[in-house]
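Bear in mind that the values in this text are calculations on the coordinates, not laboratory data. Treat the numbers as computed from the prediction; the structure is a model and nothing was measured. Every residue, glycine among them, receives a Cβ derived from its backbone with ideal geometry; neighbour counts consider all protein chains shown.
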Amino acid sequence: MIGDSSRRDELAANLAVLEQRVQAACAAAGRARDEITVIAVTKTFPASDIRLLASLGITDIGENRDQEAAPKVAACADLPVTWHFVGRLQTNKCRSVATYADVVHSIDRPHLVDALAAAAQRSTREIACLVQVSLDNRPARGGAEPPDVPGIAARVAGTARLRLAGVMAIAPLDSPARTAFGRLAAVAATVRTEFPGASVISAGMSGDLDDAIACGATHVRVGTALLGSRAPVR
Ligand SMILES: *Cc1c(COP(=O)(O)O)cnc(C)c1O
């Protein structure tokens, strides 16, 4: 298995560099390393990579498309990992996603809360939910406008089998990540005044995780910096 062991070495090396970065960002922000969970976003990479990452100590795996995620989760059913669904979610995919996702990061409209709740009920699972916050007025990238977030959060919190865990955002394309993540932190604080348990802030990807940690992120979603660059989708 030469191929596999060299891929393992490559992932281990990437993980070591990433770990240094996370530690430096925590030190700069005066935060403890254990406040941050690294989610490895494995989209476009094979289930064998998820297996290698788990063997290297990664406990949290993210995927963004149900068609790809469902078979990979099935192939890795024996692994002790927490599965995060981080992509835009269509209501007609809720039934499938609810069978495997432990955390859904992309709750951004009331109708989606209701569809996911019905699916969670059907699969008799509890799903942790993050309300995705739009930081850039680009509806195609998903997320609720900040004034709409408390209402969506309350709808999640009031729904059986869904647990309000916090908020998520993707940095805007056209303004500094740190400014945007600062706005996310303010939205998160507003949500916590009503729901103190909603402590998760999922923010930061390979390019901007340092800014996210500076602004209070508890979960960073890392693809490229761990797995390498992705082949373009379609
Ligand atoms: C792909 C993806 C990531 C990881 O992006 P990288 O820049 O490769 O680290 C994070 N979050 C979401 C929602 C994604 O779709």
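For T190, the conditions (1) on the phi < 0 side of the Ramachandran plot; (2) within 16 Å of the ligand (Cβ to nearest atom) all hold with the exception of (2). The listed residues are A180, A185, A165, A212, and the only one of them that is away from the ligand (no atom under 15 Å from the Cβ), assigned to a helix (DSSP H, G or I) and not β-branched (V, I, T) turns out to be A185.
If the condition is being touching a residue at least 40 places away in the same chain (Cβ under 8 Å) and surrounded by fewer than 17 Cβ atoms within 10 Å (Cβ to Cβ), then the stretch 38-56 contributes S48, S55, L56.
Scan the stretch 104-159 for residues that are part of a helix (DSSP H, G or I), within 16 Å of the ligand (Cβ to nearest atom) and over 17 Å from R183 (Cβ atoms) and the total you get is 3. Residues in the stretch 33-69 that are more than 22 Å from A217 (Cβ to Cβ) and either within 10 Å of the ligand (Cβ to nearest atom) or in contact with a Gly (Cβ under 9 Å, 6 or more places away or on another chain) (or both): T44, F45, R65, D66, A69.
Within the set A29, A24, the sole residue that is in contact with an Asp or Glu (Cβ under 8 Å, 6 or more places away or on another chain), within 19 Å of D208 (Cα to Cα) and of a type in the set (A, V, I, L, M, F, W, C) turns out to be A24. The residue that is farthest from C94 (Cα to Cα), among those in the stretch 27-37 that are crowded, with 16+ Cβ neighbours inside 10 Å and under 17 Å from the mean Cα position of the chain (by Cα), is I36.
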